[in-house]
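Beneath this line is the structure, given in C-alpha cells, with notes to follow.
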Amino acid sequence: MTDSTQQLLEKAQAAAEAARHLAEQAQHYSDELAHTAAAAAAHGLAGGAIDPFVFRVAIFAMAVFVGYYVVWSVTPALHTPLMSVTNAISSVIIVGALLAAGVEGMTAAEASGSWWANVFGFVAVILASVNIFGGFLVTERMLSMYKKKG
Amino acid sequence: MSANIAALLYLVAGVLFIFALRGLSSPATSREGNRYGMIGMAIAVATTLLTHFPSFGGLLTIVIGVAIGGGTGAWRARTVQMTAMPELVAGFHALVGLAAVLVAASAFFAPRAFGIGDANEIHAGSLVEMSLGAAIGAITFTGSIIAFLKLSERMTGKPILLPERHTINIMLGVALLALTALFVGTQSGVWLFLLILVSFALGVTLIIPIGGADMPVVVSMLNSYSGWAAAGIGFTLGNLALIITGALVGSSGAILSYIMCKGMNRSFISVILGGFGGEVAGPAGGKETRNVKQGSAEDAGYIMQNAGKIIIVPGYGMAVAQAQHALREMADMLKEEGVDIKYAIHPVAGRMPGHMNVLLAEANVPYDEVFELEDINSEFGQADVAFVIGANDVTNPAAKTDKTSAIYGMPILDVEKAKTVLFLKRGMGSGYAGVENELFFRPNTMMLFGDAKKTVESIVKSLAH
C-alpha cells in the first residue's frame, strides 16, 4: 500500500512537473507572440519602417518627370540660357562642398581624414562658386538681350 | 535648426529651381525665373551653413573659396563673347563634374560629417551612391574638357579615332563596375581613387571620337551627365535640393540631346559612337565642273531692296565671322524700305542648342522676328529672297531627295522654294557633313563669296546709296 502511495505520489509529481514545463512553454510562446504583436503594431503606427532611401528615390523619380515636362515647355529660343541656368543650379552641389570645407575631426583618428575633406571641400567650393556666379550672371546677361519688337 | 526644417528648406530650394526652368518658357518671364533660381541657391547655402555651423577657420576657408570662385565666375560671365557661349558652358560642366568628384572624395574621408556612418564603417548604400556620383562626375569633367578644347578650337574638331575604341570603352566600363564592387566590399580608398582615374580616362575616350558637327549633342549630353552626378551626390548627402536639381538638370540635358539628334536625323547611339564628319571628302570640286552664279554685294543689295519678303537663315559661319550686328543693321535698312524680314533658325544651327537665338538677341534682333524651323518652313514659298549666311548643310535639299547622302532624312529649311537664294560663303567648301550642296548650282541661286561680316557690311553700304 505504501508502495503504491509512493508510486502515485511520484506520478503526481511528474505530472505536476510536466504541467509546469508546459505552462512555462506557453508563457514563453505567449511572450513571444505579444512581442511580435507589439512590434507589428509599432510598425503599423509608423507607416512601416520604410528606409529614407526609398523616399529619396520617390522624390528623384517625381523630379525627373517634373523636369521632363518643364523642359519641354522651354521655348527653343532660350535653349542656350537653359543650359547656362541648369549649370548654375546643378552647382547646388556646393552644399556638399561647404560641409567638407567646414569639417572638424573629433578624434585623432579622424583628423587626417578631415584634413583631406577640408582641402577637397575648399577646392570644390571654389569650382561650384565659379559656376553659381558665372552661370546665373551669364544667364541674366543673355536674357536681358531678348527684346520684343519696337 | 532641426533636421526636418532643414530638409523642408532644401525642398523649397528645389521647388524654386523648378520655377527657374519654368520661367524660360517665354522670354517675358525668363528673368524672373532666373531670380527664383538665385533665391533657391541662397536658401540652400544658408541652410547648410546654419545646420552645420563651421568653426571660424572653416568659415574663413569657405568665404575665401566663394570669393575666389565667385569673382572668377562673375568676371567670365561679364566678359565672355556670346559666340563663345558653347565653350563657356562646356567649361562650366567640367567644373560641376570635378566638384562632384571632390565632394564624393570628401564624404569618403569624413563620413561622420556627412552623416553616412563612421570611418571604415560607411553604409554600403552610401558607398554605391558615392561611387556613382564620383564616376559620373569624373566622366563629365574630362569629357567636358575635351568638348571645351574642341569647341574653342584648341584641339582639332575632327574625330580622333583610336584603334579598337569600342573595345577600350567597354573594358573601361567593365573596370568601373568591378572597381565599384571592390570599393563597396572593402571600403578601401584605393579603389575609389582608381575608380575616379578610370572614369577620367573614359570621359576622354568617349568624347574624342565625336566630331565638331556633333558638338551640340555632346554639350547637351554632358549637361545631362552633370545633373546625374549631382543627383548621385544628393543621394549620398540625403539632400533634397541636390536630388531634385540633379533630376531636373539630368532630364533637361537628355531632352536637349534628343532635340539635337532629331534635328540631324541621327540616332543618339550613332552620335555617341562617334566618327561622323571625319571622312570629309576632300575638295569634292574635282568632279564638280558646273558653274555657280556669283554676285556682288551691290547685286544682292539691289535684289533685296526690291523684295517684299526676306527670310534670313543664319548658321555657324555667322557666329565665326561675328556678322550678327552688321546683319541686323542690314535688316533695319531693308525694313525701312518696307521689306518684311524674318529669321529662320534650324535646331542644330551653331554649336549648341539655341546658339543662333542668343547671337541675334545680342545684335538687338527682336525675338518675335525669329522663328523655329517648323514654324517658318512653309513660308519660304512666299519669300522673294532667302538670305543664307554661314549655313550650308541645314539647307541642302539632298537631305530630302538623295538616299545616299550622309545627311539624308535630316529636316532642312526649304530655302530652295524662295524666288532667289543668296548664299554668303567663304568658299565652295562643303559643310561639316562633307556633303556637296546641290543648291549652289541652281539658276535662282547667287553666291556671295568672302567673309560674311565684310560682305554684309558692303551690302549695307550699297543700300545706303
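Brief remarks follow.
- In the calculated pair-distance distribution of segment B:311-465, the portion above 26 angstrom amounts to 17 percent of the Cα-Cα pairs.
- Residue pairs, from the table B:LYS335/B:LYS419; B:LYS150/B:LYS453; B:LYS158/B:LYS403; B:LYS158/B:LYS342; B:LYS158/B:LYS419, whose Cα atoms sit over 29 Å apart: B:LYS158/B:LYS342; B:LYS158/B:LYS419
- Restriction of the GluC sites (Glu not before Pro) in segment A:63-150 to DSSP coil positions whose beta-carbon has at most 16 other beta-carbons within 10 angstrom yields A:GLU104.
- For peptide B:46-55, the mean count of partner chain Cβ atoms within 10 Å of a residue's Cβ comes to 3.
- Counting only residues at least eight positions apart within a chain, or on another chain, the aspartates and glutamates with an alpha carbon under 16 Å from that of B:LYS400 are B:GLU374, B:ASP414, B:GLU416, B:GLU436, B:GLU438.
- Calculated FRET efficiency for the pair B:GLN322/B:GLU298, C-beta based, R₀ 22 Å, to 0.05: 0.45
- Estimated distance in nm for a label pair at B:PHE441 and B:ARG426, the labels positioned 7 Å out from Cα along Cα-to-Cβ: 2.4
- Positive-end residue of B:MET82, B:ILE233, B:ASN291, charge dipole of chain B with Cβ unit charges: B:ILE233
- Here segment A:135-150 is scanned for amide nitrogen atoms under 14 Å from the site 7 Å beyond the Cα of B:ARG35 along Cα-to-Cβ, giving A:140, A:144.
- Estimated inter-spin distance, B:LYS403 and B:VAL174, nm [label 7 Å along Cα→Cβ]: 3.9
- Each principal axis of the Cα cloud of segment B:172-275 was taken in turn, and the coordinate range along them, longest first, works out to 46, 32, 16 Å.
- Built from the Cα atoms of the protein assembly as shown, the convex hull projects on average onto 39.2 nm², one quarter of its surface area.
- Note on B:ASP118 and A:GLN13: the model spin-label points, each 7 Å out from Cα along the C-beta direction, lie 5.4 nm apart.
- Coordinate range of the alpha-carbon atoms in chain B per principal axis, descending: 77, 49, 33 Å.
- Residues of segment B:320-346 with an amide N closer than 19 Å to a point placed 7 Å from the Cα of B:ASN364 along the Cα-to-Cβ direction: B:322-339, B:341-343.
- Distance between segment B:316-330 and segment B:387-465 - C-alpha centres, whole angstrom: 15
- Once exposed loop trypsin sites (Lys or Arg not before Pro) are cut out (DSSP; at most 11 other Cβ, 10 Å), longest piece of chain B: B:1-153
- Computed over neighbours whose Cβ is under 14 Å from that of B:ARG31, the net charge equals +3, Lys and Arg +1, Asp and Glu -1.
- Residue-averaged [θ]222 nm for chain B, counting only DSSP H segments that reach four residues, each worth -39500 (n - 2.57): -19500 deg cm²/dmol
- FRET efficiency, 1/(1 + (r/R0)^6) with R0 41 Å, evaluated for B:SER26 and B:ASN4 via beta carbons: 0.65
- Intensity falloff of segment B:150-222 expressed as log10 I(q)/I(0), Debye formula with alpha-carbon point scatterers, at q = 0.11, 0.13, 0.22, 0.26 Å⁻¹: -0.36, -0.48, -0.94, -1.11
All of the numbers you see were taken from the coordinates with simple rules; none came from a lab. Here the structure is a predicted model, which means the values were calculated and not measured. Ideal geometry is used to build each Cβ from the backbone, glycine not excepted, and the neighbour counts take in all protein chains shown.
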